[in-house]
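> The structure follows.
Nothing in this text is a laboratory measurement; each read-out follows from the coordinates by a stated rule. The shown structure was predicted, so the numbers you read here are calculated from the model rather than taken from an experiment. Reconstructed Cβ throughout: ideal geometry from the backbone, glycine too, with neighbour counts over all protein chains shown.
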Amino acid sequence: MRGLGTIINVLAIIIGGGIGVFIKNGLKQRFQDILKQGCGVATIFIGISGALPGLLYLPYYGGIKTDNILLLVFSLVIGGFVGELLNIELRMEHMGEKLKSRFSNDGQDSKFVEGFVTVSLITCVGAMAIVGSLQDGLTGDFTMLTTKSILDFIIALVFASTLGIGVMFSAIPLGIYQGGITLFAFLIAGHMSEAMIAGMSSIGSVLIFCVGINLVFGKIIKVGNLLPAILIPVIYNLLF
């Protein structure tokens with residue numbers, strides 16, 4: 001059944017986040033801080049490992065060559081401009097604030113929005129989210145999304161143990177995002193090239209790297225406003 005992978009993924013985040021919220025009550029602040037830093041470092045390397053295959057290659061005569069660097073630059077610049085114009089990150093924060101005021105201890109959870117936005121970005125913009133959703137929509141194969149669900153369960157558990165209940169609500173944008181990609185892929189089956197998928201995955205991994213930077217060093221990159229960059233490789237391949 002197409003879309004089942006996203007359903008499994010949503011449930012994994014809700015359950016993992018719920019366990020993490022329960023654990024949070026027994027953790028001192030210093031343990032929460034070190035876990036958050038550890039998650040940030042892990043996120044950085046997850047982003048690097050996903051981005052490098054699309055940006056580097058080994059030619060037959062030896063050495064390492066770069067690839068698609070201009071596409072990366074154009075994607076981030078154009079996507080960032082569009083995202084800033086739409087102010088996507090601010091809209092995500094507003095959505096988090098509305099959920100916080102409605103569901104979080106009379107709105108007193110100071111880390112609700114951070115947990116919601118951070119985990120939404122980590123779970124949505126990665127290569128597995130894009131490729132897995134495309135596979136689900138194109139062929140009905142949700143194996144990759146099932147694997148992703150296991151990883152997201154752990155991510156939600158750990159982040160919820162430091163950032164609280166907001167993490168559980170990241171299942172909402174995840175369901176909309178992955179479900180939308182799955183539906184889109186189902187409707188245009190046969191028209192998505194490998195280059196499009198690879199480009200989207202690579203840019204998505206670069207954004208995951210940026211999320212990790214924010215976790216370790218504080219919020220210095222508006223990753224939400226860079227989200228449109230993921231679509232630029234699709235437009236590029238359609239045009240050229």
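> If the convex hull of the alpha-carbon atoms of the chain is projected onto planes in all directions, what is the mean projected area in square nanometres?
Convex hull of Cα atoms, orientation-averaged projection: 13.8 nm².
> Going toward the positive end of the dipole of the chain, with +1 on Lys and Arg Cβ and -1 on Asp and Glu Cβ, which of Ile14, Thr146, Gly179 do you reach last?
In the chain, that residue is Ile14.
> Follow-up. List, in order, the whole-Hz ³J(HN,Hα) value for each residue of the stretch 65-71 obtained from phi through the Karplus relation with A = 6.51, B = -1.76, C = 1.60 and θ = phi - 60°; use x for Gly and Pro.
Going residue by residue, I get 10, 8, 8, 6, 5, 4, 5 Hz, with x marking Gly and Pro.
> Right, here's the next one. Loop only per DSSP, at most 14 neighbouring Cβ atoms within 10 Å: give me the trypsin sites (Lys or Arg not before Pro) in the stretch 1-63, ordered by residue number.
Passing both the DSSP loop test and the Cβ count: Lys28.
> Say the dipole of the chain comes from +1 at the beta carbon of Lys and Arg and -1 at that of Asp and Glu; which of Met1, His191, Met95 then lies farthest toward its positive end?
Met95
> If you don't mind, another one. Any idea what the dipole of the chain comes to, in debye rounded to 20, about its Cα centre with Lys/Arg Cβ at +1 and Asp/Glu Cβ at -1?
The calculated dipole for the chain is roughly 420 debye.
> Springs between alpha-carbon pairs under 10 angstrom, Gaussian network model over the chain: which of Gly218, Gly175, Gly96 fluctuates most?
Gly218
> Any chance you could check the Cα centroid distance between the stretch 134-199 and the stretch 32-52 for me, in angstrom?
19 Å
> Quick one: length gained pulling Leu52 to Lys28 fully straight, 0.36 nm per residue minus the C-alpha distance?
5.0 nm
> What value, in deg cm²/dmol to 500, does the helix sum -39500 (n - 2.57) over DSSP H runs of n ≥ 4 give at 222 nm once divided by the residues of the chain?
-25000 deg cm²/dmol
> Return the long-range amide H neighbours of Leu56 (sequence gap of 5 or more, or a different chain), with a cut-off of under 5 Å between placed amide H atoms.
Asp67
> Taking the simple approach of a point 7 Å from Cα along Cα-to-Cβ for both Arg91 and Leu183, what is their distance in nm?
1.6 nm
> Distance check, please: which entries in Lys65/Lys148; Lys65/Lys222; Lys24/Lys148 exceed 26 angstrom between their Cα atoms?
Lys65/Lys148; Lys65/Lys222
> List the chymotrypsin sites (Phe, Trp or Tyr not before Pro) in the stretch 1-72 that DSSP assigns to loop (not H, G, I, E or B) and whose Cβ has at most 14 other Cβ atoms within 10 Å. Which are they?
Answer in residue order: Tyr60, Tyr61.
> Next question. How do Ile220, Ile78, Ile122 rank when sorted from fewest to most other Cβ atoms within 10 Å of their own Cβ?
Ile220, Ile78, Ile122
> Using 0.36 nm per residue of separation minus the Cα-Cα distance, give me the extension gain between Val216 and Phe74 in nm, one decimal.
48.5 nm
> Here's a follow-up. In the structure displayed, which of Lys36/Lys219; Lys36/Lys98; Lys36/Lys111; Lys28/Lys111; Lys111/Lys219 lie more than 18 Å apart, Cα to Cα?
Result: Lys36/Lys98 exceed 18 Å.
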